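The values are calculated or read from the model by the stated rules, or taken from the named source; none is laboratory data. Predicted model only: the values in this text are computed from it and were never measured. Positions of Cβ are generated from backbone atoms using ideal geometry, with glycine treated the same way; all protein chains shown enter the neighbour counts.
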Amino acid sequence: MDKRIAAAMLCAPLLTVLCACTGSSISADTPFSADFFAMDTFMTVKAYGEGAEKALSDTKERIMLLEDEFSVTKEDSDISRINSGAENVTVSDDTAGIIGDALGWCEKTGGALDITMYPVLRAWGFTTGEYRIPGSDELSGLLDKVGYGQIKLEGNTVTIPEGVMIDLGSVAKGYASDCAADIMRNNGVRSALINLGGNIQTVGSKPDGKQWKVAVRDPFAPDTDMCMVEVSDKAVITSGSYERFFTGEDGKDYWHILDPADGCPADNGIVSATVIGESGLMCDALSTAMFVSGKERAVSFYRESGEDFDMILVTDEGEILFTEGISGSFTNLSDMKAEVISRD
């Protein structure tokens, strides 16, 4: 799903695709960049030094392949073949891997993340742009087909009951950014910034050794930076009610992050949830799950799950909550009150 995080980099502007900015001599701080459209979003990847040009080319190729495998709309994708109702569908290693990882996070978050919500998203019009408010009876019928526990994964074989549909939108770009980071490292790149439609993943630090500065948008004023966090070798991914929504005839806003419990836009007091960690897929999954969970459940998960991540929550009352692991690298750029969440 769309994530609106801005990378605030203290470095030169993005350059021409796959073009170094300084002649033919390639040093550790020579930048290369690639811009392309995939997974229904605009992506920018920037890398430095020897190996960067090949890494960028390999990254674009890999992400395009993942899109072909993960797309819920392309007829011959792995996901479309699974959703067609066929039994025992053999899928690629990537598709089996991401489904397995996603199911793990569905389980760990108690179903706050559920990758079988596609029929409900479609009913609201979030997949087509034809927005509408489904009735309670319609939602009830659709929710009968929702439940990640109905997915059977054995090796590279996937089976789901008729009417159940998988959608990897909540984890696909996170998985792709992990793949991109691995490609960078395998090509000897020690400094890179991966921006997949606002899903930010960093490789190492900036060429000058300083940490990357990533700004998070203000959910009440999305064109404004709310806060900034400094990171190295981390992903920073946000889910927010301001990203994709429509206003109904009743004057209310309805956003695309749905609560699997009732099939309606999650309305548990959180308007923005940002997760920071080493794994892009984890951050993607948890940003959605923490948004759906609400403040109390999200804080409990942070304290009790044993998972290694940090987060920034913004409540509908205009309060920022951020975890103690980033207390030394967090800067509040807004007028909102910011409070630290401890592990205790």
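Check whether at least one residue in the range 233-240 is in contact with a Lys or Arg (Cβ under 9 Å, 6 or more places away or on another chain) and among the basic types (Lys, Arg), and report yes or no.
No.
In the range 284-309, how many residues are in contact (Cβ under 8 Å) with a residue 40 or more places away in the chain and either among the aliphatic types (A, V, I, L, M) or under 20 Å from Arg217 (Cβ atoms) (or both)? It would help to see each step written out before you state the result.
In the first step, residues of the range 284-309 are kept if they are in contact (Cβ under 8 Å) with a residue 40 or more places away in the chain; the result is 284-293, 297, 299, 301-303, 305, 307.
Right, trim to either among the aliphatic types (A, V, I, L, M) or under 20 Å from Arg217 (Cβ atoms) (or both) and you get 284-292, 299.
Within the range 284-309, residues that are in contact (Cβ under 8 Å) with a residue 40 or more places away in the chain and either among the aliphatic types (A, V, I, L, M) or under 20 Å from Arg217 (Cβ atoms) (or both) number 10.
Can you work out which of the residues in the range 33-61 that are of a type in the set (Val, Ile, Thr) and surrounded by fewer than 23 Cβ atoms within 10 Å (Cβ to Cβ) is farthest from Asp167 (Cα to Cα)? If you could, list the steps in order and put the result at the bottom.
As a first pass, look at the range 33-61 and keep what is of a type in the set (Val, Ile, Thr): 41, 44-45, 59.
Retained after the next criterion (residues that are surrounded by fewer than 23 Cβ atoms within 10 Å (Cβ to Cβ)): 41, 44.
Details: Thr41: 16, Thr44: 24 Å.
Residue satisfying both the conditions and the ranking: Thr44.
Could you please find all residues in the range 112-126 being touching a residue at least 12 places away in the same chain (Cβ under 8 Å) and surrounded by fewer than 18 Cβ atoms within 10 Å (Cβ to Cβ)?
Our first condition is that a residue be touching a residue at least 12 places away in the same chain (Cβ under 8 Å); within the range 112-126, this holds for 112-121, 123-126.
Correct list: Gly125 only.
Restricting to strands (runs of 3 or more DSSP E) lying wholly in the range 151-214: which have 1 or more residues that are more than 20 Å from Met43 (Cβ to Cβ)? Explain how you work it out, then say what you get.
Working: elements: 152-154, 157-159, 192-196, 199-203.
So the answer is 152-154, 157-159.
Table: residues versus (1) farther than 26 Å from Gln201 by Cβ; (2) not in a strand (DSSP E or B).
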{"residue": "Val229", "(1), (2)": "no, no"}
{"residue": "Asp267", "(1), (2)": "yes, yes"}
{"residue": "Ser272", "(1), (2)": "no, no"}
{"residue": "Arg303", "(1), (2)": "no, yes"}
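With respect to Asp335, determine if the residue is free of Cβ contacts under 8 Å to residues at least 60 places away in the same chain, of a type in the set (D, E, K, R) and either part of a helix (DSSP H, G or I) or farther than 19 Å from Asp114 by Cβ (or both).
Details: free of Cβ contacts under 8 Å to residues at least 60 places away in the same chain: yes; of a type in the set (D, E, K, R): yes; either part of a helix (DSSP H, G or I) or farther than 19 Å from Asp114 by Cβ (or both): yes.
Here the answer is yes, as Asp335 does meet what is asked.
Under 9 Å between Cβ atoms, which residue pairs at least 6 apart in sequence (or on different chains) link something in the range 128-148 that is under 18 Å from Asp167 (Cα atoms) with a partner that is among the acidic types (Asp, Glu)?
Leu139/Asp262; Leu143/Asp262; Lys145/Glu162; Val146/Asp114; Gly147/Asp114; Tyr148/Glu107; Tyr148/Asp114
Determine which single condition Lys152 fails, assuming it passes every other condition in (1) touching a strand residue (DSSP E or B) at 6+ places or on another chain (Cβ under 7 Å); (2) in contact (Cβ under 8 Å) with a residue 24 or more places away in the chain; (3) surrounded by fewer than 24 Cβ atoms within 10 Å (Cβ to Cβ).
(2)
A quick yes/no check of all residues on (1) touching a strand residue (DSSP E or B) at 6+ places or on another chain (Cβ under 9 Å); (2) modelled with pLDDT of 90 or more; (3) not in a strand (DSSP E or B):
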position: Met1; (1), (2), (3): yes, no, yes
position: Met43; (1), (2), (3): yes, yes, no
position: Ala55; (1), (2), (3): yes, yes, yes
position: Thr59; (1), (2), (3): yes, yes, yes
position: Glu69; (1), (2), (3): no, yes, yes
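From the residues in the range 236-253 that are buried (at least 21 other Cβ atoms within 10 Å of the Cβ) and out of contact with any Ser or Thr (no Cβ under 6 Å at 6 or more places or on another chain), which one is nearest to Asn199 (Cα to Cα)? Walk me through it before giving the result.
Of all residues in the range 236-253, those buried (at least 21 other Cβ atoms within 10 Å of the Cβ) come to 236-241.
Now drop any that are not out of contact with any Ser or Thr (no Cβ under 6 Å at 6 or more places or on another chain), which leaves 236, 241.
Numbers: Val236: 7, Ser241: 16 Å.
Applying the filter and picking the extreme gives Val236.
How many residues are more than 16 Å from Tyr118 (Cα to Cα) and crowded, with 17+ Cβ neighbours inside 10 Å when one looks only at the range 68-103? Walk me through how you get there before you give the answer.
Applying the first criterion (more than 16 Å from Tyr118 (Cα to Cα)) to the range 68-103 yields 68-69, 76, 86-98, 100-101.
Add one more test, that the residue is crowded, with 17+ Cβ neighbours inside 10 Å, and what stays is 69, 89, 91, 94-96, 98, 101.
Final tally of qualifying residues: 8.
When you go through (1) more than 29 Å from Asn156 (Cβ to Cβ); (2) modelled with pLDDT of 95 or more one by one for Pro13, which number turns out not to apply?
Going through (1) more than 29 Å from Asn156 (Cβ to Cβ); (2) modelled with pLDDT of 95 or more one by one, Pro13 breaks only (2).
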